[in-house]
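Structure, as structure tokens:
The values are calculated or read from the model by the stated rules, or taken from the named source; none is laboratory data. Keep in mind that what you see is a predicted model, and the values were worked out from it rather than measured. FYI the Cβ positions are ideal-geometry reconstructions off the backbone, even for glycines, and counts take in every protein chain you see.
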Amino acid sequence: MSSWPVWLTAGDLTLRPLAYRDARAWRSARRRNAVWLKPWDATVPPGTDARPASFRSLVWRLNRQARRDLTYPFAIDVDGRFVGQVTVNNVVRGSAQFASVGYWLDREYAGRGIMPRAVAMVIDHCFFTAGLHRIEIAIRPENSNSLRVVEKLGIREVGYAPRFLHIDGAGATTGSTRSPSRSAPRGCRPGCPERPGRHRGRGGGTGPNLRLHEAPAQWTSTSVRCRNAARVRW
């Protein structure tokens, strides 16, 4: 059974369900960052199901999948302003208990340590609340900005995945796999530095370098369904 919707908070950073009311801010951010994000955006190969034609249909589809425990679409707010997304995709239950994580951030907010904190919060939620055992993050080797996110969190590379994703309208792209370790006694967040250095790499989103994260035996983050009470304390 899905625990969605979920709100996660830490200081000025809030992760919450992507909503219809985000339409204007989402479109504005994607428009401003189009050139920066385009080389790393996953695309749909010709002949396959098309993506939603509007933001409203996108949110409707994501919410439906979230209620079925197939995805967790988080919007990222900093001081109440929408700045990006972290999405848990392809949730598999049964014996696998597996999912993948993708993310993108408004370039204006890059280099402030926002995305490492957001990804850590989501990973902790997946392991310690949602009960998943394995998380995979796929990043193109050229995407230095996204690689920096997982490096700050100490998420190790476990290998490359040839022909993993369709990226930027082109054929399948080779990527590297990253997986966070679930064995950390206090979760993923402690691996993120308190004062991360400013870093502006070549990209703002994920795409195929695979990093895997296996969940720790003991979980420390919490989330609840009530909007006023759902918090992650670091």
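From Val91, Val119, Val158, Val101, grab the single residue that is surrounded by fewer than 22 Cβ atoms within 10 Å (Cβ to Cβ), outside any loop (DSSP other than H, G, I, E, B) and modelled with pLDDT of 90 or more. Explain how you work it out, then say what you get.
Values: Val119 fails: surrounded by fewer than 22 Cβ atoms within 10 Å (Cβ to Cβ); Val158 fails: modelled with pLDDT of 90 or more; Val101 fails: surrounded by fewer than 22 Cβ atoms within 10 Å (Cβ to Cβ).
Checking each option against the conditions leaves just Val91.
Can you find even one residue in segment 59-72 that is out of contact with any Lys or Arg (no Cβ under 6 Å at 6 or more places or on another chain), in a strand (DSSP E or B) and touching a residue at least 40 places away in the same chain (Cβ under 8 Å)? First the steps, then the outcome.
As a first pass, look at segment 59-72 and keep what is out of contact with any Lys or Arg (no Cβ under 6 Å at 6 or more places or on another chain): 59-72.
Narrowing further to those that are in a strand (DSSP E or B): 72.
After this cut, where a residue has to be touching a residue at least 40 places away in the same chain (Cβ under 8 Å) as well, the list is 72.
Yes, that holds for at least one residue.
Can you find a residue in segment 140-147 that is at pLDDT below 85 and acidic (Asp, Glu)?
Scanning segment 140-147, I find at least one residue that is at pLDDT below 85 and acidic (Asp, Glu), so the answer is yes.
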